[in-house]
Amino acid sequence: MSENIQIQARKRSQFIEVWRRLCRNRLAVLGMILLVVIVLVAIFADVIAPYPYDFQDYSSVFLGPCLQHPFGTDNFGRDIFSRVVYGTRISLRIAFISLAGSALVGCIVGAIAGFFGGIIDAIIMRFCDIMMAIPRMVMAISIATTLGPGLTNAMIAIAISSVPNFARVVRASTLTVKDQEYVEAAQSIGCSTARIIRKYIFPNILAPIIVQATLGVGTAIILAASLSFLGLGDPLVPEWGAMVSAARSYIRDYPHMIAFPGLAIMLSVLSLNLFGDGLRDALDPKLKK
Amino acid sequence: MSKFIIKRILVMIPVLLGVTFVIFTMMYFTDGNPAQLILGDMATEEQIHELEEEMGLNDPFFTRYLNYLSDLLHGDLGTSYVTGQPVAKEIMDRLPVTVRISFCCMIFAVAVGIPAGILSAVKQYSILDNLSMVLALVGISLPNFWLALMLVLVFSVGLGLLPPSGLYGFKYYILPVVSISASAVATITRMTRSSMLEVIRADYIRTARAKGQSENVVIFRHALLNALIPIITVVGLQFATTLSGTVVNEQIFAIPGLGKLMVDAIKARNYPVVQGGVFVLAFIFSILNLVIDLIYAFVDPRIRSQYVRKKNKRQAETDNRKEVPA
Amino acid sequence: MKKTVSLILALVLMFTLFAGCGSQGQSEQGEPAGQTQPAGESEQSEQKGETAQTVTKDNLVVAVSSEPGSLAPYSHNNQQAFIPATLVYESLIVKDDNGEYQPCLATEWSFTDDVTLEVTLREGVKFHDGTDFTAEDVVYSLGLMQASSFTSNLFGCIDTENTVADGDYKVIIKLQYPFAALLEALASYRGVMISKDSYESLGEEGYGHAAIGTGPLMLDEWVSGDRLEFVQFDDYWGEPTAFHSATVRFITEAASRTIELETGGVDLAFDLQTTDWDRIANGSDTQLISGDSQKTTFLMINCSKAPYDNELVRKALAYATDVDSLVNVVYQGAASVADCWMAPSIIGYKSEEQIPYDVEKAKELLAEAGVTDLTVKFGSYENATNLAVAEVLESMWGAAGIKLELAVTDLATYTADNNAGELEVSYMNTAATIPDPTAALLVWPLSRTISLRHNDQTIQDYLDKGSQEYDSEARVAIYNELMDYFNEKYYTIPIAFEKGAFGASKSITNLPYYPSNVPDLTRIQFE
């Protein structure tokens, strides 16, 4: 009874410790703040954006940044600031959902491979090899083309092409943890495999998974932008990559149409990278007391 | 050592086979009729059906796959639906360009990234370190197609210094290489820095310094060599990312490379080219991974000694056996 | 602290750099102020074969937007591939700047009756492979043209069994039915002559990469993915071109094509984006050659799918579309509002009364038809113009209570769906390759499988009558009637007449605008 409380207390203090370490890292804090801002923008897009994202005003086409239109307008007279704001929703949605998908599948697959080893490990690793032998963009483009255009299919394409990375990381961590003594101890007292994975292996490989996931979201955003840049995606929604692609023809006369969506992509990924870096340092077991 | 290589090559074969199967399946289930695309809008139903029969598009899945495989094993990658030229020729025409650019990107990334990383690690917390870390962070956050467009905007349109397309001379390589390698440079810088930092804190470095070795020797001989191991892995991985990155940027810079060929082929449902191209790329990747692993094994004394130890062990075993009395 | 400051500094630096570039504000997008030289009015109407000017150039560099799959003339529809082809292939006759047919590979031609054309060929003409150009080659070429799915609308009329050679330099062309557009077709870039010997030995694909014709230049090298190289053909029967060789570069990025033109990297650039027209027209070293093309764009409605089979519904869509604004916004001056189904340069064009923009009337018509909550499924592939139209229509039709659902697929899937009759509404264009109604009305015959599906025999009758009427006045009358008929039935909603343009360096002369967008490059001269 008291054992459980002790374990829980230890867990909580670990969490607080990590949090404290994270907050001491100024860049990570900056990343967190940026991230929170971006998420808030996505949630409150309706309030923040001065215009609907598809409101066309033919009398104000191609305006540069000005008071009524902080980011200018595009070739249909749509306010770019509003479109970038709404684009936050789309990019975050694609990135998180596809990331969650690939993390889930990757974790399960990687854990199984790492834990059971042997033939199962070999087969799973060969599958990963096959998928990683095909360049990521080509893989994503092929999957997206096979499934057809649209946001959901783009999400699936990104998710599938990111699974091998996760699986590898999880497998490596599982292998390290598997050899630890407490796992051996658990096995010797007759713990079931599922229980071992859940209670002993999983919490200890959580750290690299979290780090990989955070950095993975950034990659997913860029991948999504690249896919919609190439035309696979939903052309009617204000996805940042699609906005950059549409603005290519106007690059010489109205560079603001390309600059702002691209900056949005960069800032989102930057915030995730800053946060992810800080998280990695904070979770670094070498610094654990 | 040679056993290692042979084993790895043997493993490559099922992987490559798997690659062909995956891509073939994906193309098979994609909408769109290549026969119709070839014949154009004005073709009649019979003409389309006739061409479909000729191209074998109506055969069942496994027949088509096995036919493809048997051709592949004879070195025939098929003929392009769009140009009628052998796929092998089309790929070989474009491959050197992409490989050349990727190599330039990697050389650039290593030439800039590793020194920057070393400097940052050595002069930790200085302005230089902070600046390079910031730039590196920005570098991995930039979408490379946007960077390409911005570079064209500034250097071609704005300043008129560099050409915006084509590959006819040294000048033409600059913008594509910089835009494609940006994230590789950034990643290598970061990796080098963190790897060096880890190594510098190690005990044997302190010992070397205590022995009175000059700082340069400490850095370059002891620290760098040991830090190289993870760096090499990262460099290898970055090559893969670079190859991926050329896919989009080849479009922007009108570079006649493999990436553009693949994207165009996927759009045109030009199955043979897609399948052939992916196969060639997967082959290159696998070889590359093998080379990286070999270098890794060579550089890392722990792994090297493992093999040496094994050889000695075997030797010892046979010696032992000889000694057992009859 | 230092790290954060550096980070913020770097970001601010980049931001100001890019924002600074962006403060160009509004720029007027009026009509392109380039030289408009319609084919009939050019002062420099020099024909093929006239003495070359004193100024010659070593190498002509041309930029096109895509790489040809093949240069075999009857195997594709790719406009960008026909442009370099004008350097190497020739037709029996050509149309000069005044609209008259002039001899080229044929010296005489005449209709002996409705279905027979007798042609006398030029002697002493050689192909690039060294063989002589004879009647056999003509008969063979015509046979291929008749059979190819790409040229069957123009040459399907040919009776290949009875088309024969009469000696080495005379051909009797027999038709299966009278075909008024025959001369126009033979004079176009689709009616060029190929070498029978080489075609038989190389096959279609081989020929596509050898491009053997009778023209003043011949294909020297094809660098895959990059460019085509052409050199002068020494045994050419006519006057040599003003340039000794030519390079055709494939530059897919439109902005790059313009930049190359401006910096002198290329002498001619095709398929320019309309936003660059002004800049090229006003450039110090560049000129814009533009005019009305033969391209009409229209909203295709699937007339056999409910509720669009109801004429009232189609009429309602027409009333709900503000065509003027649509054309303005999407084309920014690069197209004019279509007042007929066919472009003005095509025989039989007639200015029709346009449907006014009336949202209330549209709602009325829908109510009359008993249709409530209409959701239109708009099919498109990822073409910027199509998507732009969809976006504008979404908000326009929304005002009339019509919802637009955009279904975007890639080109391959779109083509398949289109030909299976599955599209409901789509934005399409038809670019007539020759300025004749037979080419302009390509989508209307009942045999076409695209999702138009009008199933109207009256239209087929008009088409048949018009294509066989040799008397030009009678012909015009037939097509005028057909245009009136289109206007009453609302099977489609014509939207725009696209303008066309290509950019050239200022030193190029004697190159007027070709409404087909495939100019004859061999006539280029320099000053």
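Would you mind getting the Kirkwood hydrodynamic radius of region B:241-298 from its Cα pairs, rounded to one decimal in Å?
Numbers: mean 1/r = 0.0800 Å⁻¹.
After inverting the mean inverse Cα-Cα distance, the result is 12.5 Å.
As a check on your grasp of the helix formula, calculate [θ] at 222 nm for chain A: sum -39500 (n - 2.57) over DSSP H runs of n ≥ 4, divide by the residue count, round to the nearest 500.
Details: 11 runs with 209 residues, N = 289.
The helix-only estimate for chain A comes to -24500 deg cm²/dmol at 222 nm.
When the helices in chain C are scored as -39500 (n - 2.57) per DSSP H run of 4 or longer and the sum is shared across all residues, what 222 nm value do you end up with, to the nearest 500 deg cm²/dmol? If you can, show how the numbers build up before the last one.
Values: 16 runs with 171 residues, N = 527.
My calculation for chain C gives -9500 deg cm²/dmol from helical runs alone.
Of C:485, C:408, C:441, which is farthest towards the positive pole of region C:295-497's charge dipole, taken about the Cα centre with +1 and -1 on the beta-carbons of Lys, Arg and Asp, Glu respectively?
Positive-end residue among those listed: C:408.
Please list 3J(HN,Hα) in residue order for region C:207-222, calculated via the Karplus relation 6.51 cos²θ - 1.76 cosθ + 1.60 where θ = phi - 60°; whole Hz, with x for glycine and proline.
For region C:207-222, the Karplus-derived couplings read 5, x, 9, 10, 6, 8, x, 10, x, x, 10, 10, 6, 9, 8, 10 Hz, x marking Gly and Pro.
How far apart, in nm, are the 7 Å Cα→Cβ label points at residue B:298 and residue B:29?
Simple spin-label model gives 4.2 nm for this pair.
Relative to the longest principal Cα axis of chain B, at what angle does helix B:258-267 sit, 0 to 90 degrees, rounded to 10?
Approximately 40 degrees, to the nearest 10.
Between region C:136-175 and region C:300-323, what is the separation of their alpha carbon centroids in Å?
Centre-to-centre (Cα) distance: 42 Å.
Determine the shape class of region C:313-365: with a ≥ b ≥ c the square roots of the Cα gyration tensor eigenvalues, call it rounded for a/c under 1.5, and otherwise prolate if a/b is greater than b/c, oblate otherwise. Please list the in-between numbers first.
Details: a/c = 3.27, a/b = 1.45, b/c = 2.26.
The shape class here is oblate.
Charges on Cβ only, +1 for Lys and Arg, -1 for Asp and Glu, centred on the Cα centroid of region A:33-120; of A:70, A:101, A:85, which one is farthest towards the dipole's positive end?
A:101
Using only the Cα atoms of chain C, what are the Rg and Dmax in Å?
In order Rg, Dmax, the Cα atoms of chain C give 25.1, 94 Å.
Please work out the Cα center distance from region B:138-190 to region A:159-183, rounded to the nearest Å.
Each part reduced to its Cα centre gives a spacing of 36 Å.
Per residue of B:242-250, how many C-beta atoms from partner chains lie within 10 Å of its own C-beta, taken as a mean? Numbers along the way, then the final one.
Working: counts 1, 4, 10, 4, 2, 8, 8, 0, 2.
For this peptide, the per-residue mean of nearby foreign Cβ atoms is 4.
Would you list the membrane-span-like helices of chain A, meaning whole DSSP H runs whose alpha-carbon atoms span at least 27 Å along their axis and whose mean Kyte-Doolittle value is at least 0.0?
On the way: long enough: A:2-24 (33 Å, -0.93); A:80-116 (52 Å, 1.55); A:151-178 (39 Å, 0.91); A:202-229 (39 Å, 1.67); A:256-283 (40 Å, 1.14).
Span-like helices in chain A: A:80-116, A:151-178, A:202-229, A:256-283.
For region B:2-73, with only Lys/Arg (+1) and Asp/Glu (-1) charged at the beta-carbon, what is the dipole magnitude about the Cα centre, in debye rounded to 20? Present the calculation step by step, with values, prior to reporting the outcome.
Values: 4 positive and 10 negative charges, 234 e Å.
So the dipole magnitude of region B:2-73 works out to roughly 1120 debye.
Order C:497, A:127, B:4 by their accessible area, 1.4 angstrom probe, all chains in place, largest first. Each step should come with its number before you reach the end.
Values: C:497 10, A:127 130, B:4 50 Å².
The residues order as A:127, B:4, C:497, largest area first.
Take chain A, connect every pair of alpha-carbon atoms lying under 10 Å apart with a spring to form a Gaussian network, then pick out the residue of A:163, A:269, A:37 with the largest mean-square fluctuation.
Per the Cα network of chain A with a 10 Å cutoff, A:37 tops the list.
With a bin width of 20 angstrom, please list the P(r) values of chain B as percents of all Cα-Cα pairs, from the 0 bin to the one holding the largest distance.
So the P(r) values, bin by bin, are 24, 45, 25, 6, 0.
Per residue Cα convex hull volume for the protein assembly as shown, in cubic angstrom? Walk me through the intermediate numbers first.
Numbers: hull volume 258.7 nm³, N = 1142.
Spelled out: Cα convex hull of the protein assembly as shown, divided by residues, is 226 Å³.
Would you please classify the overall shape of region A:35-100 from the alpha carbon gyration tensor, given that a ≥ b ≥ c denote the square roots of the eigenvalues, rounded means a/c under 1.5, and beyond that prolate means a/b larger than b/c while oblate covers the rest?
Numbers: a/c = 2.75, a/b = 2.09, b/c = 1.32.
It is prolate, given that a/c is not under 1.5 and a/b is the larger ratio.
Just reorder C:299, B:10, C:442, B:128 by solvent-accessible area, largest first, 1.4 Å probe, all chains present.
Working: C:299 0, B:10 110, C:442 40, B:128 85 Å².
Reading off the accessible areas and sorting them downward yields B:10, B:128, C:442, C:299.
Considering the dipole of chain B built from charges on the beta carbon (Lys and Arg +1, Asp and Glu -1) around the Cα centre, which of B:20, B:168, B:238 is farthest to its positive end?
B:238
On a straight-distance basis, which aspartates and glutamates could pair with residue B:267 in a cross-link, Cα separation under 14 angstrom, same-chain partners fewer than 8 positions away excluded?
B:31, C:382, C:410
Of the listed peptides B:58-70, A:237-249, A:141-153, what is their order by residue-averaged count of other C-beta atoms within 10 Å, with the highest listed first? Let's see the in-between values first.
Working: B:58-70: 12.6, A:237-249: 24.2, A:141-153: 20.6.
Going by the mean number of other Cβ atoms within 10 Å, highest first, we get A:237-249, A:141-153, B:58-70.
Just to compare against my own numbers: the Cα pair-distance distribution for region B:88-268, 10 Å bins, whole % per bin, please.
Per 10 Å bin, starting at zero, the Cα-Cα P(r) for region B:88-268 comes out as 10, 32, 29, 18, 9, 3, 0 percent.
Give the shape of region A:137-217 as rounded, prolate or oblate, defined through the alpha-carbon gyration tensor: a ≥ b ≥ c are the square roots of its eigenvalues, a/c under 1.5 means rounded, and otherwise the shape is prolate if a/b is larger than b/c and oblate if not.
Details: a/c = 3.59, a/b = 2.87, b/c = 1.25.
Cα axes put region A:137-217 in the prolate bin.
So for chain A, considering every pair of alpha-carbon atoms, how many percent are separated by more than 35 Å? The partial results should precede the final answer.
Working: 12738 of 41616 pairs.
Every Cα pair in chain A considered, those over 35 Å come to 31 percent.
Equivalent-ellipsoid semi-axes (√(5λ), Cα gyration tensor) for region C:295-497, whole Å, largest first?
Details: eigenvalues 139, 66, 62 Å².
Three semi-axes, in Å: 26, 18, 18.
Determine the calculated [θ] at 222 nm for chain B from helices alone, applying -39500 (n - 2.57) to every DSSP H run no shorter than 4 residues and normalising by the residue count; nearest 500 deg cm²/dmol.
-25500 deg cm²/dmol
Specify the residue with the greatest mean-square fluctuation among A:20, A:93, A:171, computed from a Gaussian network of chain A linking alpha-carbon atoms under 10 Å apart.
A:20
For residue C:286, enumerate residues with amide H under 5 Å from its amide H, sequence gap 5+ or separate chain, H modeled in the peptide plane.
C:506
Mind pulling the angle between the C-alpha long axis of helix B:170-200 and the longest principal axis of chain B? Nearest 10 degrees, somewhere in 0 to 90.
Tilt of helix B:170-200: around 40 degrees.
Determine by what factor the alpha-carbon radius of gyration of region B:2-73 differs from 2.2 N^0.38 Å, reporting the quotient.
Working: Rg = 17.4 Å, N = 72, 2.2 N^0.38 = 11.2 Å.
In units of the 2.2 N^0.38 Å rule of thumb, it is 1.56.
Kindly flag which residue pairs out of B:171/B:260; C:174/C:196; C:465/C:499; C:305/C:403 have an alpha-carbon separation exceeding 24 Å in this structure. Spell out each step's value before the answer.
Numbers: B:171/B:260 21 Å; C:174/C:196 19 Å; C:465/C:499 30 Å; C:305/C:403 17 Å.
As for pairs spanning more than 24 Å Cα to Cα, those are C:465/C:499.
For chain A, what does the relative contact order come out to in percent, with C-alpha contacts under 8 Å and a separation of six or more?
25 percent.
Could you tell me the center-to-center distance, by alpha carbons, between region B:230-304 and region A:12-80 in angstrom?
The two parts, judged by their Cα centres, are 35 Å apart.
What is the angle, in °, between the Cα long axis of helix B:45-55 and the longest principal axis of the Cα atoms in chain B? Nearest 10 is fine, range 0 to 90.
40 degrees
The values are calculated or read from the model by the stated rules, or taken from the named source; none is laboratory data. Computed from a predicted structure; not experimentally measured. When we count neighbours, we look across all protein chains shown, and the Cβ atoms used for this are built from the backbone with ideal geometry, even at glycine. Note: accessible area is taken over every heavy atom of the protein model, side chains too, but ligands, DNA and RNA are not part of it. Shrake-Rupley method; radii C 1.70, N 1.55, O 1.52, S 1.80 Å.
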